[in-house]
Amino acid sequence: MEKNLDNVEYLALSGGVGGAKLVLGLSQILAPEKLIVVANTADDFKHIGLNISPDLDTIMYTLANLNNSELGWGQTKETWQFLDALGRLDQETWFKIGDRDLATHIVRTTKLDNGETLSQVTKELCFSLGVKHQLIPMTNDKVATVVHTKSGQSIPFQQYFVRDRCVPKVRGFEFQGIATAAPSPSFLKSLESPKLRLIIICPSNPYVSIDPILRMRGVLDLIAERRIPVVAISPIISGQALKGPAAKMMEELGELASAIGIAKHYRTLYRDMLTGFIIDEKDRRLEADFTEMGLRAIATNTVMVTLQDRINLAQEVLRFGSRITI
Ligand code: FO1
């Protein structure tokens, strides 16, 4: 844990797998009261009667040391008896819910049905699993990503992502409910906290993981008012996403599939919000292009294979953030 007792907070905005890796690194060097993690919930959906929150769960399992490192999602030491039984009952099994993971969805669904908010439920689940750092859903309201494809279809996100394996070519995204969704109270509190020192945009998919968080009512204005550094880490290395469809989406949307393309995306949508950008050392030659854009960028290893890689990147992010003056 960080030794100095500075009264500061760090806010990390994250999607699932890639973001969770950096969040784990941050959690190793920041005390629980100093790190607030806000997760995308636009991937959430109702499936076979259950409320599923994939990004919240991926981060929660990662912080609880329960995540399935092979799959990237779900729990470790998972078994699939429930899914097999579901198949025998002629139900859809494209979305794989493991036996251990099932418990989480049942508890969440029951508590939500009993009138608790997603924030409350997440806090209770985290407490039960021994997660000390603050994990918060971006909103307690329903926001649902719909993928508009080039063939004219509109597909709910998980069907596009899991069932259709991201094969359909994308034309754009819609976040149903975003116009009326309120950021969750703890998210707002964190954005307004005088202790907030740095906002970290995790190496998550900008289109479907980070955009929903930033596009909720008031979020961008609150960030602008704070005048604190906002540092993003590129999820694209040498034109490729380490995991997931970000690079494919960029090509299909006619954007440059590179770290520069990611920065341009954030710049176009969010004006001057971004103050610093971290790229992988393999993209070091792009540093000059960032300078030309008027954006401070540093290159470092962003491929997080080991726990030490996650901690090193987290340290680099905090160091870089502390050097940026607004
Ligand atoms: N991703 C898959 O690719 N296939 C699955 O069957 C699958 C099941 C699943 C179950 C629970 C959960 O919390 C996540 C799950 N994911 C699965 C991951 C998830 O749907 C995506 O990675 C995210 O929505 C994208 O961030």
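Computed over the alpha-carbon atoms, the range 165-282 gives an Rg to Rh ratio of 0.97, Rh here being the Kirkwood radius from the mean inverse distance.
Across the range 1-137, the fraction of Cα-Cα pairs farther apart than 18 Å, rounded to a whole number, is 55%. Sorting 315-326, 233-244 by their mean Cβ neighbour count within 10 Å, with the most densely packed peptide first, gives 233-244, 315-326. Averaging the sequence gap over all C-alpha pairs within less than 8 Å and six or more residues apart, then dividing by the number of residues, gives the chain a relative contact order of 19 percent. Here, P(r) means the percent of Cα pairs in each 10 Å bin from 0 to the largest distance; for the range 1-64 it is 22, 45, 24, 8, 2. Our summary gives the range 141-255 a relative contact order of 25 percent, counting only alpha carbon pairs under 8 angstrom and 6 or more residues apart.
Is the C-alpha gyration tensor of the range 179-230 telling us rounded, prolate or oblate? Criteria: a/c under 1.5 is rounded; beyond that, a/b larger than b/c is prolate, otherwise oblate. Taking the square roots of the gyration eigenvalues as a ≥ b ≥ c, the range 179-230 is oblate. In the elastic network of the chain, a GNM with C-alpha springs shorter than 10 Å, the most mobile of Gln81, Gln120, Gln176 is Gln81. Each listed q (0.15, 0.19 Å⁻¹) maps to a log10 I(q)/I(0) for the range 127-187, found by the Debye formula over equal Cα scatterers with no solvent: -0.62, -0.78.
Computed over the chain, the Cα gyration tensor eigenvalues convert (square root of 5λ each) into semi-axes of 30, 23, 19 Å, ordered from largest to smallest. Relative to the longest principal axis of the Cα atoms of the chain, helix 54-63 runs at roughly 70 degrees.
Enter the Cα centre distance for the pair the range 157-229 and the range 95-148, rounded to the nearest angstrom. Spelled out, the Cα-based centre of one part sits 17 Å from the other. Hey, could you get me the Stokes-Einstein D for the range 215-259, Kirkwood radius over alpha-carbon pairs, 37 °C and 0.692 mPa s, rounded to whole µm² s⁻¹? For the chosen part, D equals 262 µm²/s. Any idea what angle helix 307-323 forms with the longest principal axis of the chain, computed on alpha-carbon atoms, 0 to 90 degrees, nearest 10? Relative to the chain, helix 307-323 is tipped by roughly 40 degrees.
The alpha carbons of the range 90-135 stretch over 38, 23, 13 Å along the principal axes, in descending order. Using the Karplus relation 6.51 cos²θ - 1.76 cosθ + 1.60 with θ = phi - 60°, the per-residue 3J(HN,Hα) values for the range 171-184 come to 10, x, 10, 10, 10, 5, x, 5, 5, 10, 5, 9, x, 4 Hz, with x marking Gly and Pro.
Under 1.5 on a/c is rounded, so check that first for the range 150-215, then, if it is not, pick prolate when a/b is larger than b/c and oblate when it is not; a ≥ b ≥ c are the square roots of the alpha carbon gyration tensor eigenvalues. It comes out prolate by the Cα gyration axes.
Values in this text are rule-based calculations from the coordinates and carry no lab data. These figures come from a predicted structure and were not determined experimentally. Here the Cβ is made from the backbone with ideal geometry for all residues, glycine too, and neighbour counts use every protein chain on show.
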